[in-house]
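Report on one structure; see the data block that follows.
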Amino acid sequence: EHDDVFKGMMTSRDKAEVWTLLRRHMTESLMASVTFAESTFRQITDGLLKEDIKSLRKAEKALGGEKDLLKRVRRRQMLAMRRIDRNLALEKNTWFHLGSNSSEQMMYCLKRMCEPCKEHVDNNFNPLPAECAEEFVPIRDMLKSLLERTKDIIDKGNYEEADLVLAEGEELKTCLSRLHKMRIERMQEENSSVKLSLVYLNLLQESQELVSIMRHMLRASRKFQHV
């Protein structure tokens, strides 16, 4: 269906129709990015928490394919941007690029999250301490839920809900900061494995980054779609 939208954008002589199709194309591609981020985030965190190397290899492979896909989508959308009304294209340009960049940054963020986790589980180092798993699982579930809701907002164009998700995202970032700080303090107090602590600190940091990118994407989508 995505291809049909692209064909329509390339063949229509009506600038307004191209714009309508481009908005749809953008909605679909951002939704696909959030769906991808959610399932890959789940694979990576499951992989670390359950010491499941298969899950981490799957995530790594998927991330490799996502990069090429995003390039192709962006190229297509940029072609369409040249076929809409010039003033409209200028007005929407910033939000178009912010949306596109958000998809790419999500992928890179997940890559940075995946690599240390995979290396750690692959080398059969110690499992994540139970206390870390216990404090991280609720956070992970909140992040997954925020990604779900972001996807839903973009899908339905229901941007009244966006402010709530943006605010909850900000709260989650604060919460992740706090965990990060606590873990560093704990590292200094106890004689815990530095290697393992660094894997966990990286996970917290990149989770926080994922929330930031999700918030940028939501803003970009709202501004791009706004008529």
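The values are calculated or read from the model by the stated rules, or taken from the named source; none is laboratory data. Please read all numbers here as calculations on a predicted model, not as lab measurements. Reconstructed Cβ throughout: ideal geometry from the backbone, glycine too, with neighbour counts over all protein chains shown. Please note that ligands, DNA and RNA were not included when accessible areas were found on the heavy atoms of the full protein model with its side chains. Shrake-Rupley method; radii C 1.70, N 1.55, O 1.52, S 1.80 Å.
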The residue from GLU160, GLU168, GLU135, GLU115 that alone is under 15 Å from GLY47 (Cβ atoms), open to solvent by 20 Å² or more (accessible area, probe 1.4 Å), in a helix (DSSP H, G or I) and out of contact with any strand residue (DSSP E or B) (no Cβ under 7 Å at 6 or more places or on another chain) is GLU115
Subset tally (residues that are free of Cβ contacts under 8 Å to residues at least 40 places away in the same chain and either crowded, with 16+ Cβ neighbours inside 10 Å or closer than 22 Å to VAL211 by Cβ (or both)) for region 1-11: 2
In region 61-98, how many residues are part of a helix (DSSP H, G or I), closer than 20 Å to SER221 by Cβ and open to solvent by less than 40 Å² (accessible area, probe 1.4 Å)? 10
Checking GLU170 against (1) touching a helix residue (DSSP H, G or I) at 6+ places or on another chain (Cβ under 7 Å); (2) of a type outside the set (A, V, I, L, M); (3) touching a residue at least 40 places away in the same chain (Cβ under 8 Å), the condition it does not meet: (1)
Can you work out which of the residues in region 61-79 that are over 16 Å from SER102 (Cα atoms) and touching a residue at least 12 places away in the same chain (Cβ under 8 Å) is farthest from the chain's Cα centre (by Cα)? LEU79
Of the conditions (1) under 16 Å from LEU30 (Cα atoms); (2) open to solvent by 20 Å² or more (accessible area, probe 1.4 Å), MET142 satisfies every one except a single condition; which number is it? (1)
Find the residue count for region 40-60, including only residues that are open to solvent by 20 Å² or more (accessible area, probe 1.4 Å) and touching a residue at least 12 places away in the same chain (Cβ under 8 Å). 9
Which residue, of HIS216, HIS226, is surrounded by fewer than 21 Cβ atoms within 10 Å (Cβ to Cβ) and in contact with a Ser or Thr (Cβ under 7 Å, 6 or more places away or on another chain)? HIS216
Restricting to region 177-216, what's the tally of residues that are among the acidic types (Asp, Glu), assigned to a helix (DSSP H, G or I) and at pLDDT below 90? 2
All but one of (1) open to solvent by 90 Å² or more (accessible area, probe 1.4 Å); (2) under 19 Å from the mean Cα position of the chain (by Cα) hold for SER177, so report the exception by its number. (1)
Could you tell me whether any residue of region 190-200 is open to solvent by 50 Å² or more (accessible area, probe 1.4 Å) and hydrophobic (A, V, I, L, M, F, W, C)? yes
Scan region 17-33 residue by residue and report those that are open to solvent by 60 Å² or more (accessible area, probe 1.4 Å) and of a type in the set (A, V, I, L, M). none
When you check GLN188 against the structure, is it in contact with a Lys or Arg (Cβ under 8 Å, 6 or more places away or on another chain) and of a type outside the set (A, V, I, L, M), yes or no? no
